[in-house]
Amino acid sequence: MSMKKTAMAAAMAALMTVCTVAVADAGDRPRDMGIEIGVLKTGTNNAITDVKGVLVGQVTLVDEKKGMHTGVTAIVPHTDNIFKNKVPAGIFLANAFGKMTGYPQVKELGNLETPIVLTNTLNVAAGIDGIIDYTFSFKENGDVRSVNAVVGETNDGGINDIRARFVKPADVLKAIQTAKPGPVEEGAVGAGTGTKAFGFKGGIGTASRVLPKEMGGWTVGVLVQTNFGGLLTIDGVEVGKALGGYPYQKEIESADGSIMMIVATDAPLEARNLERVAKRAFMGLAKSGGVASNGSGDFVIAFSTNETMRIPYDNKPLAKVPMNVVHNDDMTPIFMATIEATEEAIINSLFAAKDVKGFNGKEVKALPVDKVMEMMKAHNKLVTK
């Protein structure tokens, strides 16, 4: 074994005995209540915004009389003109029953040139228009005639009157322009306003991990829009089985649906390894009990904010590619961070959600947190602060 791998193994072993620190001012998140998924430390806010430069903006649209329960969540990779300073990216389609836009160009060129927008299935077009408006708002983009808008979606039609198409381009533009660093609101907000997961109210969730210095010191952040089914599992405990009855509880808790998973990191990664990172997010989904059903659109977008990796729009001929990228042999800790953060982000989305009555009058209950905590305690899964 090489000295590098020996040091990495030692660092990983040491981490197994370390408890992560609860996030201040985060509310009743699972980690604050003693549920600590994984062994890696979280960032300051345990959110995707712990990755340097990443901003999140959300617009929530609720009007019960109109049957409106939807919204927009925007993830902005950095504060500069993204079209002129693109970031490397990779996308993984775990189960491609979905309508995400922008995939072909990202797959071919390996970069993002716009913010990532999440919304509902029938408002993808509004997402595209809002992103184009945002891109055109930069004076230096006056000659731009093509924009690869990346818009992800899940179908919130079980709670929201999706045919009304409430989201407008102005809502998308507002979400992008009001995006900010710091804590990220979770649960029934933004693109997660009308979503369901595991038969309970789902929504937006986020989490992060910070690697030790000997592993690069990089940060990995994840944001999810949960709207899928399966057997809810929290830190290895099959919570869904105890809450539901099973084995085929309501077709495996309404398995058809979707999830959008966004992974950000400040590690200097090329598109190829970012796609490998995206694949690991799907492992976090599996650990939470997701089953990737036939009708589920399970998409992962991963990008790097590292400034040395940016791709200038006005590139000079034969421009040199940065060589300070993370090598394959050093990717494992980043993979692990992605899996842990994805699993926790999914659980966070459920803990933050509240009961809601949909446009059809049907009530969707939030996860019964008190019962879940009793189960976690019975399985010795709670960490005492």
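What follows is calculated from the coordinates using simple rules that are stated; it is not laboratory data. Predicted model only: the values in this text are computed from it and were never measured. FYI the Cβ positions are ideal-geometry reconstructions off the backbone, even for glycines, and counts take in every protein chain you see.
How large is the Rg to Rh ratio of region 160-307 when both quantities use alpha carbon positions and Rh follows Kirkwood?
Details: Rg = 16.9 Å, Rh = 16.9 Å.
Rg divided by Rh gives 1.00.
Using only the alpha carbons, work out the radius of gyration and Dmax of region 69-152 in angstrom.
12.7, 39
Just to verify a number: FRET efficiency for ASP143 and LYS279, C-beta to C-beta distance, R0 = 45 Å, to 0.05?
On the way: r = 37 Å, r/R0 = 0.82.
Calculated transfer efficiency: 0.75.
Among the listed pairs LYS65/LYS371; LYS84/LYS107; LYS287/LYS385; LYS213/LYS371, give every one whose C-alpha distance is greater than 27 Å. Walk me through the numbers before you get to the answer.
Values: LYS65/LYS371 32 Å; LYS84/LYS107 19 Å; LYS287/LYS385 25 Å; LYS213/LYS371 39 Å.
The answer is LYS65/LYS371; LYS213/LYS371.
Could you tell me what a quarter of the Cα convex hull surface of region 269-350 works out to, in nm² with one decimal place? Walk me through the numbers on the way to the answer.
Numbers: hull surface 29.8 nm².
Averaged projected hull area, Cα only: 7.4 nm².
Ranked from highest to lowest mean number of other Cβ atoms within 10 Å per residue, what is the order of the peptides 77-88, 153-164, 43-54? Display every interim value, and only then the final one.
Details: 77-88: 19.2, 153-164: 21.7, 43-54: 23.2.
Descending packing order for the listed peptides: 43-54, 153-164, 77-88.
Using the per-residue mean of other Cβ atoms lying within 10 Å as a proxy for protection, in what order, highest first, do the peptides 272-283, 137-148 fall? The partial results should precede the final answer.
On the way: 272-283: 21.9, 137-148: 11.7.
Most protected by this proxy first, the peptides run 272-283, 137-148.
Rg (Å, one decimal) plus Dmax (Å, integer) for the alpha carbons of the chain?
Every Cα atom of the chain included, Rg and Dmax give 20.0, 65 Å.
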